[in-house]
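Novice: Quick one: this structure, given as structure tokens, is what I'll be asking you about.
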Amino acid sequence: MNSSVMTRLLSFNAGFVDTVGFLGLQGLFTAHVTGNFVTLAAGFVYGANGTIGKVLALPQFIVAVGAVRLLDTTLTARRLPTLTILLGLEAVLLAIFLLVGAAYGPFPNSDVLPALAAGFAGVTAMAAQNAMQRVHFPGEPPTAIMTNNTTQAVLDGVDLLRGIATSEVHSRFARTSRSILWFAGGCGAAALLYYLVQFFSLLLSVAILTSIVVARARNSGENGTHLS
């Protein structure tokens, strides 16, 4: 599976998981740390439900990114299929998010321990995905930060309309726009599935990550090489 296809699926996954977290955990953003600052501040005005999870989201995200970086360098030094293993770890974290949410949710109060555990798994999974993207395919647009993608797409779009865009700008505009659309598709799909089956909707995210891991492992076996 090439990086272009993988980033589309990961963009869809980020939008999906972020939406499920927001709907199921009282406005918690698993992939969008900035949003948690906003909802946390709003909570002080409209009610403090979910405050603990939002306060913990940033340190959780930071620690998770740091841990992924250390694990990444360790796996690479041992010549193991680093990216495939990290994607498998993300799949496990999303499975935990699914299992805890399905077993104990929905959560009218997301500050209870099971809700915090579900949120921890979701935030850690998205932190891992963000870290992986920055390290292993930095040339592709971010899969979970649509503010940056939208800004870049507009800048490139203006250059395209002015007729001054290079081939690199054309290519970047296409990749960035594609990432935004896949993320938006993930948000829409999550809203529909969460409405129907609540946290069981995360089965789709687990399936997406599992399919990526299997495809990479199969490709590695066929080529007789480890994929980074």
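The values are calculated or read from the model by the stated rules, or taken from the named source; none is laboratory data. It should be emphasised that the depicted structure is a prediction, and the values quoted were computed from it without experimental measurement. Because the Cβ atoms are built from the backbone with ideal geometry, glycine has one as well, and the counts that use them run over all protein chains shown.
Novice: Restricting to the range 24-51, give me the number of residues that are at pLDDT below 90, part of a helix (DSSP H, G or I) and out of contact with any Asp or Glu (no Cβ under 8 Å at 6 or more places or on another chain).
Specialist: Keep residues of the range 24-51 that are at pLDDT below 90, which gives 26-51.
Narrowing the set further to residues that are part of a helix (DSSP H, G or I) leaves 33-46, 51.
When the remaining residues are screened for being out of contact with any Asp or Glu (no Cβ under 8 Å at 6 or more places or on another chain), the result is 33-46.
So the answer is 14.
Novice: Assess whether Ser205 counts as being over 21 Å from Ser11 (Cα atoms) and out of contact with any His (no Cβ under 6 Å at 6 or more places or on another chain).
Specialist: Numbers: over 21 Å from Ser11 (Cα atoms): no; out of contact with any His (no Cβ under 6 Å at 6 or more places or on another chain): yes.
So Ser205 does not fit the description; no.
So that you can scan it fast, the table gives a plain yes or no per residue for (1) in contact with a Phe, Trp or Tyr (Cβ under 7 Å, 6 or more places away or on another chain); (2) at pLDDT 95 or above:
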{"site": "Gly101", "(1), (2)": "yes, yes"}
{"site": "Pro108", "(1), (2)": "no, no"}
{"site": "Val112", "(1), (2)": "no, no"}
{"site": "Ala125", "(1), (2)": "yes, yes"}
{"site": "Val158", "(1), (2)": "no, yes"}
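Novice: When both residues are 6+ apart or on different chains and their Cβ atoms are under 9 Å apart, which pairs have a first residue that lies in the range 196-209 and is modelled with pLDDT under 95, and a second that is surrounded by 16 or more Cβ atoms within 10 Å (Cβ to Cβ)?
Specialist: none
Novice: Taking the range 64-76, which residues are surrounded by fewer than 16 Cβ atoms within 10 Å (Cβ to Cβ) and either in contact with a Cys (Cβ under 6 Å, 6 or more places away or on another chain) or free of Cβ contacts under 8 Å to residues at least 60 places away in the same chain (or both)?
Specialist: Gly66, Ala67, Leu70, Thr73, Thr74
Novice: Could I ask something else about it? Would a scan of the range 40-48 turn up a residue that is surrounded by 14 or more Cβ atoms within 10 Å (Cβ to Cβ), at negative phi and free of Cβ contacts under 8 Å to residues at least 60 places away in the same chain?
Specialist: Taking the range 40-48 first, the residues surrounded by 14 or more Cβ atoms within 10 Å (Cβ to Cβ) are 40, 43.
Going one step further and asking which of them are at negative phi, we end up with 40, 43.
Checking the rest, the ones that are also free of Cβ contacts under 8 Å to residues at least 60 places away in the same chain come to 40, 43.
Yes; the residues of the range 40-48 include at least one that is surrounded by 14 or more Cβ atoms within 10 Å (Cβ to Cβ), at negative phi and free of Cβ contacts under 8 Å to residues at least 60 places away in the same chain.
Novice: Additional query: Which residue, of Phe173, Phe183, is buried (at least 16 other Cβ atoms within 10 Å of the Cβ), out of contact with any Ser or Thr (no Cβ under 6 Å at 6 or more places or on another chain) and aromatic (Phe, Trp, Tyr)?
Specialist: It is Phe173.
Novice: How many of the residues in the range 77-99 are buried (at least 23 other Cβ atoms within 10 Å of the Cβ) and either outside any helix (DSSP H, G or I) or without any contact (Cβ under 8 Å) to a residue 40 or more places away in the chain (or both)?
Specialist: Number of matching residues: 1.
Novice: Confirm whether Gly21 is small (Gly, Ala, Ser), under 20 Å from Pro114 (Cα atoms), modelled with pLDDT of 80 or more and surrounded by 21 or more Cβ atoms within 10 Å (Cβ to Cβ).
Specialist: Working: small (Gly, Ala, Ser): yes; under 20 Å from Pro114 (Cα atoms): yes; modelled with pLDDT of 80 or more: yes; surrounded by 21 or more Cβ atoms within 10 Å (Cβ to Cβ): yes.
For Gly21, the condition - small (Gly, Ala, Ser), under 20 Å from Pro114 (Cα atoms), modelled with pLDDT of 80 or more and surrounded by 21 or more Cβ atoms within 10 Å (Cβ to Cβ) - is met.
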